[in-house]
Amino acid sequence: MNSKHQYYLNSMGITVWQDKQAVDAPKPALEVCSEEKSTGYSWEALQQAVKNCTQCELCHSRKQTVFGVGPADADIMFIGEAPGASEDRQGEPFVGRAGQLLTRMLHAFDIERQDVFITNVLKCRPPLNRDPSGEEVAQCSTYLQHQVAMVQPKLLIALGRVSARYLLGVTAPLRQLRGRKLTYGSLKIPVIVTYHPAYLLRNPRDKNKVFQDLQNAMKILKTSEKSS
Ligand code: URA
């Protein structure tokens with residue numbers, strides 16, 4: 001680990017006791033069904049559909065929709081829960097305090113924010129940042145399904161319980177999903193589950209666990225680069 005990494009880790013409040021603390025990285029198959037790339041939407045049409053969406057009542061309270069940012073061919077897709085107040089104001093995911101922590105976490109792995117795709121399960125802010133309802137997730141997640149099918153990232157990183165449970169179709173607690181070999185849907189895209197940065201702001205001691213999860217994520221990426 002170089003001094004730049006160490007600097008970013010320190011700024012995240014992470015103490016790394018030894019470099020090789022990661023558990024064995026999952027090595028799931030990376031096969032992808034190419035026909036699922038054609039979802040019936042162009043990227044621009046999908047953006048427009050999200051922008052004009054009135055499928056649920058969140059359209060009345062939102063300032064704007066938050067589609068997601070990043071390259072449409074990104075290798076990694078980070079998926080959070082839903083926009084908060086800052087995101088609702090700026091129209092971009094993870095720009096508030098939690099987002100700033102996410103950006104620092106990316107830097108610790110030499111990743112720039114603009115090189116990954118960042119989005120949420122919900123594209124509109126739930127009032128008072130309440131948890132998304134099952135119905136909201138069911139309706140809004142079709143947009144996320146299209147995004148994943150179009151970007152076809154090599155890796156999905158679920159930030160927090162709502163995203164993990166949606167992607168995996170399970171109701172297990174997040175701690176049971178971390179560190180396991182998991183994949184998303186018929187595309188079988190590897191999924192890494194980790195804590196939401198907002199949780200880390202409240203529970204900074206768990207930053208080491210997220211660091212471990214991201215190390216596993218990097219191993220999966222490296223493995224997929226070798227096999228492609
Ligand atoms: N929390 C999320 O889950 N997503 C955001 O975009 C911001 C905060």
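The values are calculated or read from the model by the stated rules, or taken from the named source; none is laboratory data. Just so it is clear, the model here is predicted, and its values are computed rather than measured. Every residue, glycine as well, gets a Cβ built from its backbone with ideal geometry; the counts of neighbours run over all protein chains shown.
Starting from the range 196-207, keep only residues that are farther than 18 Å from PRO83 by Cβ, then list their pairs with residues that are in a loop (DSSP other than H, G, I, E, B) and β-branched (Val, Ile, Thr) whose Cβ atoms are within a distance under 8 Å, requiring at least 6 positions of separation or different chains.
From the range 196-207, the pairs are LYS207/ILE14.
Which condition does VAL191 not pass, out of (1) crowded, with 18+ Cβ neighbours inside 10 Å; (2) in a helix (DSSP H, G or I); (3) hydrophobic (A, V, I, L, M, F, W, C), if it passes all the others?
(2)
Name the residue, out of LEU128, LEU106, LEU122, LEU144, that is in contact with a Cys (Cβ under 7 Å, 6 or more places away or on another chain) and within 16 Å of the ligand (Cβ to nearest atom).
On the way: LEU128 fails: in contact with a Cys (Cβ under 7 Å, 6 or more places away or on another chain); LEU106 fails: in contact with a Cys (Cβ under 7 Å, 6 or more places away or on another chain); LEU144 fails: in contact with a Cys (Cβ under 7 Å, 6 or more places away or on another chain).
Testing whether each residue is in contact with a Cys (Cβ under 7 Å, 6 or more places away or on another chain) and within 16 Å of the ligand (Cβ to nearest atom) leaves just LEU122.
Got a number for residues in the range 152-183 being within 16 Å of the ligand (Cβ to nearest atom), free of Cβ contacts under 8 Å to residues at least 60 places away in the same chain and in a loop (DSSP other than H, G, I, E, B)?
0
Give me a count of the residues in the range 164-188 that are more than 18 Å from ASP75 (Cβ to Cβ), surrounded by 20 or more Cβ atoms within 10 Å (Cβ to Cβ) and not hydrophobic (A, V, I, L, M, F, W, C).
Final tally of qualifying residues: 2.
Select, from SER61, SER3, SER42, the only residue that is among the hydroxyl-bearing types (Ser, Thr, Tyr), modelled with pLDDT of 95 or more and more than 23 Å from the chain's Cα centre (by Cα). Break it down stepwise before answering.
Values: SER3 fails: modelled with pLDDT of 95 or more; SER42 fails: more than 23 Å from the chain's Cα centre (by Cα).
Testing whether each residue is among the hydroxyl-bearing types (Ser, Thr, Tyr), modelled with pLDDT of 95 or more and more than 23 Å from the chain's Cα centre (by Cα) leaves just SER61.
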